[in-house]
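Any read-out appearing in this document is the output of simple, stated calculations on the displayed coordinates, not a laboratory observation. These numbers were taken from a predicted model, which means no experiment stands behind them.
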Amino acid sequence: MLFVVNSARAQIQQNPTRLNEGVISKEDELSILLQEAPLRRFKKQAIQRLAVSSGYFTDRENSSTHRWFATEIGTGIPLGNFENILATEISFRNDVLTLPTEGFKRSDLYELSSSLFFKKALSDKSNLLLNFRPSYLGDFEATDNTFGMFGMALITKQLEAHDLTLSYGVVHLNQVDIGFLPALGLRWDPKPEMTVDLRFPESKISWRLEKNGRFSEHWLHASIGFDGNRWGIREPDGNDTEIRLKYWTAALTLEKKRDGGGGWWIHLSHQFARRFLERGEVDLKLSNGFQLAAEIAY
């Protein structure tokens, strides 16, 4: 026993760098593991999200502007474990819209919504996702055309080859007059620093610019998709009507993700093929333009 200890001590004394190399190697391995460890999507508490965001749009002719402000609070409850999550969110948004039509300006457009999201693991490689978001969309005076509903039921399945995740199911978009639509999406993760999402109404390519261990990540997103909103309003003559704003958007977003959720993003987008509709009959083509938006979240 003493001979073995003394022999080991003698070897270390003869080559003292061997022990240091072993320690450094262990530290390098731990550093690599920490660098590639994924961030947690949820916090270990009831309050999951507190966020404020705002954006401003103007076209090239300065004939129409659109600015908005939103705030959100979200909670999350694990049902047994973090593979089965029930998340709720309440949000409030105020839109100010100016259009080149008879001096149209509305600063009293509101959206009050409540979202319910449920995720359940079906197997090691598939999940069930349910999301329902009923909303009030109006000026707090109109009683018609003020209810909106976004709904989604999806199954995601990780495929064996090529780091692909397939999603399929049904979706109800509040901007589309048709009821439920088939939903199909494909996500490709060729490496930890890159993801490709092909889906409707928005497709996106993302690059990870920096990773600070298990604490935070910086991402750059390039996206293109369909967007817009609708509101029920009361006109000066006392009649209720519905207005819609529709457009396509191409955007770049710089985002910081933090462990457990939260962070911030800055978003620059080009909006094109913009249209304004009233009761689906009046179709006003609007000029293209740019929007700058940002969010900070806990």
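Just the Kirkwood number for region 151-237, please: inverse of mean 1/r across all distinct Cα pairs, in Å, one decimal.
15.6 Å
What do you get for Rg/Rh over region 57-113 if you use C-alpha atoms and the Kirkwood form of Rh?
Rg/Rh: 1.30.
Pull up all non-local amide H partners of residue 142: gap of 5 or more, or a different chain, and H-to-H distance under 5 Å with H placed in the peptide plane.
Those qualifying (amide H under 5 Å, at least 5 residues apart or on another chain) are 234.
Using the C-alpha atoms of region 154-204, what convex hull volume per residue, in cubic angstrom, is computed?
Value for region 154-204: 71 Å³ per residue.
Which log10 I(q)/I(0) values, to two decimals, does region 37-297 give at q = 0.16 Å⁻¹ under the Debye formula with one point per Cα?
The computed values of log10 I(q)/I(0) come out as -1.47.
Which ³J(HN,Hα) values in Hz, rounded to whole numbers, follow from the phi angles of region 124-131 under the Karplus curve 6.51 cos²θ - 1.76 cosθ + 1.60, where θ = phi - 60° and Gly and Pro get x?
These are the phi-based 3J(HN,Hα) values: 5, 10, 9, 9, 9, 10, 10, 9 Hz.
Scattering from the C-alpha atoms of region 109-213 alone, worked out with Debye: what is log10 I(q)/I(0) at q = 0.12, 0.13, 0.17 1/Å?
With no solvent term, the Cα-only Debye profile gives -0.56, -0.64, -0.93.
What is region 37-297's relative contact order, in percent, from Cα pairs under 8 angstrom and six or more apart in sequence?
Relative contact order of region 37-297: 16 percent.
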